[in-house]
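The values are calculated or read from the model by the stated rules, or taken from the named source; none is laboratory data. Computed from a predicted structure; not experimentally measured. As a convention, Cβ positions derive from the backbone with ideal geometry for all residues, glycine included, and neighbour counts pool all protein chains shown. Note: accessible area is taken over every heavy atom of the protein model, side chains too, but ligands, DNA and RNA are not part of it. Shrake-Rupley method; radii C 1.70, N 1.55, O 1.52, S 1.80 Å.
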Amino acid sequence: MELPLGQCHDSRSWDDDSDPESETDPDAQAEAYVARVLSPPKSGLAFPRPSQLSTPAASPSASEPRAASKVSAVSEPGLLSLPPELLLEICSYLDARLVLHVLSRVCHALRDLVYDRVTWRLRALRRVRAPYPVVEEKNFDWPAACIALEEHLSRWAEDGRRAEYFCLADGHLAAVDSVLLLQGGSLCLSGSRDRTVNLWDLRQLGTEPSQVLVKTLGTKRNSTHEGWVWSLAAQDHRVCSGSWDSTVKLWDLAADGQQFGEIKTSSAVLCLSYLSDVLVTGTYDKKVAIYDPRASPALLKCQQLHSRPVLALMADDQHIISGSEDRTLVVVDRRANRVLQRLQLDSYLLCMSYQEPQLWAGDNHGLLHVFVNRNGCLQLIRSFDVGHSFPITGIQYSVGALYTTSTDRSIRVHVPTDPPRTICTRKYDSTLNRVCAEGNLVVAGSGDVSLEVWRLPA
């Protein structure tokens, strides 16, 4: 349910940072938060499952258009004398990248056939055999989507038998709550309840553990922060870590991971978004703040947008979207400096993955929700049950792949169809916190003090 916009605007300015909370033990506060927010919903609370939330689109076979015939007539018998349908069938056995980037250069006739959007739409729908995508935008890039889908399906074929699995268990002494892949998956950052941020070189997977773990960030021995490290974000070679000690620390990987800044926040930092010009934080004291790490003082704007802790957020050049334990989703216009929308939900969102204009989010009931951003106005399009029985702690969405982790101790690999189709599930002995995928690497943080890493076929 969307509240009237008139109820969205807060009379206080962004710079109002009032209502400071009394000092508390960050460890006790963090433990109470985990027990409250990440615990499974009470069994007595019934929540509608996907059949009541999602109306699947019609089967693609009933609505698939036929590819238009753009192959010119050829007098000589040969490949080009075949009907377009037969040419497409032959192409379906070839790698999508080869078809798009090589076959299109053979001749004008094949180029016209290959560049036809209907050709790629038909190919993609035949691969996934389900409605796809969940939201089709104008000028949707069907060739790129098809390539991404086929790559994802190939990498996780046969229940992921071709994926190499590594458990990095020698770097942390407590649960890993945040992970971040960098430089195409070559490097990885991990943040833990042992108060450290570790830098890993995943190019060394399979060698001695000492070669994979590069260093622990910070100058203090065995400690990066004075509280649990809960969030990580990056902008090029600059990265930042947010902690329950109410600080954000900034690191320069181009300078061997040296610290180049520190921001003191009003409360524990639960989520971060690092842009080229600003750093956005969501904190335990219900506030969203914008900082310029290059300035002094760094704080630019701060406002209490929620009545409970801010659990997840994303930001781009135009908007900031924040989700809270108060079960609201708030959209802020960065340029106009005002609240555009406040959505009241039936659950609270723990994680988000944004690929404009779609926002995919996991909630405390183990459900997945898909929103579309229309000029700052979010619309809930679909809600799915993807098989998790407990809260979803991590999500990574792209046009061709979908990954989710949960406190039910599993990671699930899906195809982002409507509804998502699970193609691989891995169960572990402890909670999985966060997931990140880049290049041919997938990483999840574990409550079992380790990083779970999958290296996929290139």
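Observations on the structure shown:
- Accessible area of Lys215 in the full protein assembly, 1.4 Å probe (Å², nearest 10): 50 Å²
- The local environment of Trp251, defined by Cβ-Cβ distances under 14 Å, has a net charge of 0 under the rule Lys, Arg +1 and Asp, Glu -1.
- Estimated FRET transfer efficiency (Arg117, Ala254; beta-carbon r; R0 41 Å; 0.05): 0.50
- Each helix, a run of at least 4 DSSP H residues, gives -39500 (n - 2.57); summed and divided by the residues of the chain, these come to -4500 deg cm²/dmol at 222 nm.
- Note that the range 84-148, at 4 °C in a medium of 1.567 mPa s, gets a Stokes-Einstein diffusion coefficient of 107 µm²/s from its Kirkwood radius over C-alpha pairs.
- Projected label distance in nm at Gln344 and Ala169, using a 7 Å step from Cα toward the beta-carbon: 4.8 nm
- Segment Ile381-Asp141, length gained on full extension (0.36 nm per residue, minus Cα span): 84.4 nm
- Extension gain, Asp236 to Gln355: 0.36 nm times the residue separation minus the Cα-Cα distance gives 41.0 nm.
- Shown for the chain: lysine pairs separated by 8 or more places, or found on different chains, whose C-alpha atoms are under 19 Å apart, numbering 11.
- Normalised contact order of the chain, rounded percent, pairs of Cα under 8 Å and 6 or more residues apart: 16 percent
- Label-to-label distance, Leu82 versus Asn440, with points set 7 angstrom from Cα along the beta-carbon direction: 2.9 nm.
- Accessible area per residue for the chain, computed on protein heavy atoms with a 1.4 Å probe, is 44 Å².
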